[in-house]
1. Give the residues of the range 2-23 that are in a loop (DSSP other than H, G, I, E, B) and either within 22 Å of the chain's Cα centre (by Cα) or within 10 Å of Val68 (Cβ to Cβ) (or both), sorted by residue number.
2. Which residues, counting only those in the range 78-104, are surrounded by 15 or more Cβ atoms within 10 Å (Cβ to Cβ), touching a residue at least 60 places away in the same chain (Cβ under 8 Å) and within 15 Å of the chain's Cα centre (by Cα)?
3. Report the residue count in the range 1-49 for those that are in contact (Cβ under 8 Å) with a residue 60 or more places away in the chain and in contact with a His (Cβ under 9 Å, 6 or more places away or on another chain).
4. In this structure, does Gly38 turn out to be more than 18 Å from Leu117 (Cβ to Cβ) and crowded, with 18+ Cβ neighbours inside 10 Å?
5. Within the range 10-26, can you find the residues that are surrounded by 12 or more Cβ atoms within 10 Å (Cβ to Cβ) and under 14 Å from Leu36 (Cα atoms)?
Amino acid sequence: MEHALDCTLTVNGTRVQRRIPARQHLVDFLRDELGLTGSHIGCEQGVCGACTVRVNGEIVRGCLMLAVQADGCTVETVEGLSDSREIAKLQKAFHQRNALQCGFCTPGMLLAAQDLLSKSRKASREEIRAHLSGNYCRCTGYQAIIDAIEEVLSSDEG
């Protein structure tokens, strides 16, 4: 018998109340229960960054956090950040710089990049790489991804 808990969380601005199995990971809840499939399931060990979401303003690995831990929290996914246009400049730069390739890593990369942008108006290529170091791109599109983020940082300097 699976233990479940009644939880209330805000996902992309919408209050959600559900009975959630105690062992269900946040990324699985978002994908399976809410149909928010932008965050991907990759390594399931918190290493690849494909499942990155934002909880109470901080990026987290959705495969390492249980959904019940988000009770009372605000959760934002790539869909929410896209709909609010918070990541519009990044999305445009990723497209223009061909930083998308297969797209599997893109949601996690966008959230990590937005996290960097929210914390710093300036970052060197090395600092960008360090901030993204927990996000893997299997297509090895790192140069284009770094270029895109650097472009957005440069455009925000003025």
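Every number in this text was worked out from the coordinates using simple rules, so none of it is lab data. Because the structure is predicted, anything quoted here is derived from the model rather than measured. Virtual Cβ from ideal backbone geometry, glycine too; neighbours counted across all protein chains shown.
1. Scanning the range 2-23 gives His3, Asn12, Gly13, Ala22, Arg23.
2. Within the range 78-104, Glu79, Gly80, Leu90, Phe104 meet the criteria.
3. 1
4. Details: more than 18 Å from Leu117 (Cβ to Cβ): yes; crowded, with 18+ Cβ neighbours inside 10 Å: yes.
Answer is yes for this residue.
5. Hits for the range 10-26 are Thr10, Val11, Asn12, Val16, His25, Leu26.
Residues checked against (1) within 14 Å of the chain's Cα centre (by Cα); (2) closer than 30 Å to Thr8 by Cβ; (3) not in a loop (DSSP other than H, G, I, E, B):
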{"position": "Gln69", "(1), (2), (3)": "no, yes, yes"}
{"position": "Ala123", "(1), (2), (3)": "no, no, no"}
{"position": "Arg138", "(1), (2), (3)": "no, no, no"}
{"position": "Ile149", "(1), (2), (3)": "no, no, yes"}
